[in-house]
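The structure appears below as structure tokens.
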Amino acid sequence: MKPAPEASAAQAQAQPQAHPKDDLLRGERIPHIFCSGCGIGTVVSSFVEVLHEQDIPYDRIAMVSGIGCSSRVPGYLRLDGFHTTHGRSIPYATGLKLANPDLNVVVFAGDGDLAAIGGNHLIHAARRNMDLKVICVNNFNYGMTGGQSGPTTPTSAWSPTTVYGNIEQPFNLIHLMIACGASYAARWTSVHTHHVKVAIAEMFQRQGFCFLEVIAPCPTNYGRKNRLGVGSDMVKYFLDHAVAKVNPDPAEAQIQLGSPIICGKFLDTQRASYLTVLRENLTKKLKITDFRGDGLAKVEEAAPAKAAARRKLPEETRPKVERAQIKIAGVGGQGLGLSGFIMGRAAAIFDENHAVYTQEYSPEARGGASSSSLVISGRQVDMPYVTRPDILIIMAQQAWEKFVREITPGCAVLIDSELVDPHDLPEGAKLYKIPCTRMAEDLGRTIVANIVMLGYFASLFDCISLEAMKEALKMSIPRGTEEFNLKAFEAGYGFGREQAAGGKP
């Protein structure tokens, strides 16, 4: 939150040498990494000044960035921020905005991070008109890693990867964002500080996808290698080549070496944002009119049928699990992902434990290696991957060959006995066999072999309650197949019970 005026005055008296923007700038992070003459600092200064002048609570601003010089900016600001992997700032920012729509989510990144490895995320965020404020500092190269050419490097420009001059057509980012569906698009150079501030302020007043491109000097790499001089020389170059226009044509915004740099506000429209459309759709389809502060609808009240489908089971039937790691493996087409999904739903929704589900599969949709993993815990799950399974379900021989090395003493291994030869079973592991594919064939459809295996699993272990498994199964399969799938489940469950009564694994 912004400090109270009294607190600000008291702080100024106690620290007369304090920087006027110390409430937002992390002085402890100084010295910064930016080179002399870099334009990023000017953009940061403009951004901070806007926050000082605008009535925006600091705790309602979240910064997201990826990798690169510009992406280091959030680390110097005393705001909540998330520094993610290369090119992934947009999807993380999207998730953040959807989880908490009350936040002003700002993405601060460079042209390489946003438009190259992150390009697909960028265009789809604009297509959706996702409620994000994106500031792209474009210095025409990968400045942090040596000045290699990137998606905005002008034609004929020199770089370590274009030693004879760039022959590729660069992105016209402004034109691209408008074509994809952004609500707001502007471009200025870092020299035009007043206009940069105005654009940032306008973005905070707009809904939907807002995009600001700031052309900034990179004297260390791009400027030096293209004989544009040091930082002051590049500032003069921008002043000489920038052409500010009112309502400029986005098609004219292409930048070439030595050509005019068209600046201005290219688009400012009132197109409905993603969250606005989402709310309208939920109101229309589910008759939801009451949205909580976190943006989530009270679906239970608006859709009683769904609420009933997710009814709570009696507390005495819900298992208390310390931690259970489960892996289901076979080939694509056996329903391994669905099996893990059903188990996860049962554990989380009905047994009210924590559960994290992940899936792994090869490029082939069917026939290739495939697996799903599930971690169930009575506490929050920090590590979502299964590395040492407590329970390993194997439904194909190639899965056995791949995952046998993960079997450790004490691991319970469930196999389809007619499809898997369990050779070289490690000592100390317990093997359980069921001919689930043949049993599914006897029922009339091989496709439910995975459901037979789920029933067998439920007969052996108590980390997921039987009722939770049945409820999750019914809500996860196509409507009209509930009876048949429950029959397959009961077949596997009964087989396990008979096996246990006979004392045979």
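All of (1) modelled with pLDDT under 95; (2) within 20 Å of the chain's Cα centre (by Cα) hold for R78 with one exception: (2).
Before we move on, is R479 closer than 19 Å to K327 by Cα, exposed (fewer than 15 other Cβ atoms within 10 Å of the Cβ) and among the basic types (K, R)? Criteria not met by R479.
Residues of the range 240-266 being on the phi > 0 side of the Ramachandran plot and at pLDDT 95 or above, which ones? Across the range 240-266, the qualifying residue is only G264. I'd like the full set of residues that are more than 19 Å from F171 (Cβ to Cβ), in a strand (DSSP E or B) and either under 37 Å from the mean Cα position of the chain (by Cα) or not assigned by TED's automatic domain parsing to the domain that holds R206 (or both), limited to the range 243-265. Of everything in the range 243-265, those that are more than 19 Å from F171 (Cβ to Cβ), in a strand (DSSP E or B) and either under 37 Å from the mean Cα position of the chain (by Cα) or not assigned by TED's automatic domain parsing to the domain that holds R206 (or both) turn out to be A244, K265. In the range 122-152, the qualifying residues are those that are out of contact with any helix residue (DSSP H, G or I) (no Cβ under 8 Å at 6 or more places or on another chain) and outside any helix (DSSP H, G or I), and the one that is surrounded by the most Cβ atoms within 10 Å (Cβ to Cβ) is S149. Applying the condition of being among the hydrophobic types (A, V, I, L, M, F, W, C) and touching a residue at least 40 places away in the same chain (Cβ under 8 Å) to the range 478-490 and asking which residue is farthest from C436 (Cα to Cα) yields F484. Restricting attention to the range 491-505, the residues that are modelled with pLDDT of 95 or more and crowded, with 17+ Cβ neighbours inside 10 Å add up to 5. Suppose we filter K265, K284, K236, K197 for residues that are without any contact (Cβ under 8 Å) to a residue 12 or more places away in the chain and under 20 Å from S46 (Cα atoms); which single one remains? That would be K236, the only listed residue that is without any contact (Cβ under 8 Å) to a residue 12 or more places away in the chain and under 20 Å from S46 (Cα atoms).
Taking residues in the range 322-338 that are at positive phi, and partners anywhere that are modelled with pLDDT under 90 and surrounded by fewer than 24 Cβ atoms within 10 Å (Cβ to Cβ), the pairs with Cβ atoms closer than 7 Å and at least 6 places apart or on different chains are G333/R366; G333/G367. With closer than 23 Å to S371 by Cβ and of a type in the set (K, R) as the only criterion, which of K474, K430, K487 stands out? Criteria check complete, one pass: K430.
Within the range 429-440, residues that are surrounded by fewer than 17 Cβ atoms within 10 Å (Cβ to Cβ) have Cβ atoms under 6 Å from residues that are assigned to a helix (DSSP H, G or I) in no pair, counting only partners at least 6 apart in sequence or on another chain.
Here is a yes/no grid of residues against (1) of a type in the set (D, E); (2) buried (at least 24 other Cβ atoms within 10 Å of the Cβ); (3) in a helix (DSSP H, G or I); (4) out of contact with any Gly (no Cβ under 8 Å at 6 or more places or on another chain):
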site: I178; (1), (2), (3), (4): no, no, yes, yes
site: A185; (1), (2), (3), (4): no, yes, no, yes
site: V196; (1), (2), (3), (4): no, yes, yes, yes
site: R206; (1), (2), (3), (4): no, no, no, yes
site: P217; (1), (2), (3), (4): no, yes, no, no
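Annotation: W158 fulfils all but one of (1) farther than 21 Å from G87 by Cα; (2) surrounded by fewer than 24 Cβ atoms within 10 Å (Cβ to Cβ); (3) at pLDDT 95 or above; the unmet one is (3).
Table: residues versus (1) among the acidic types (D, E); (2) within 34 Å of the chain's Cα centre (by Cα); (3) within 16 Å of I326 (Cβ to Cβ).
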{"residue": "A399", "(1), (2), (3)": "no, yes, yes"}
{"residue": "R405", "(1), (2), (3)": "no, yes, no"}
{"residue": "V420", "(1), (2), (3)": "no, no, no"}
{"residue": "D424", "(1), (2), (3)": "yes, no, no"}
{"residue": "Y432", "(1), (2), (3)": "no, no, yes"}
{"residue": "T437", "(1), (2), (3)": "no, no, no"}
{"residue": "E441", "(1), (2), (3)": "yes, no, no"}
{"residue": "A449", "(1), (2), (3)": "no, yes, no"}
{"residue": "V452", "(1), (2), (3)": "no, no, no"}
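Of all residues in the range 18-44, those being loosely packed, with under 13 Cβ neighbours inside 10 Å and among the β-branched types (V, I, T) number 2. Does the range 221-233 hold any residues that are surrounded by fewer than 20 Cβ atoms within 10 Å (Cβ to Cβ), part of a helix (DSSP H, G or I) and touching a residue at least 60 places away in the same chain (Cβ under 8 Å), and which are they? The answer is K225, G231, S232. Taking the condition small (G, A, S) and buried (at least 24 other Cβ atoms within 10 Å of the Cβ), does A458 pass? Judged against the criteria, A458 is a match.
The values are calculated or read from the model by the stated rules, or taken from the named source; none is laboratory data. Small disclaimer: the values here were computed from a predicted structure and weren't measured. Because the Cβ atoms are built from the backbone with ideal geometry, glycine has one as well, and the counts that use them run over all protein chains shown.
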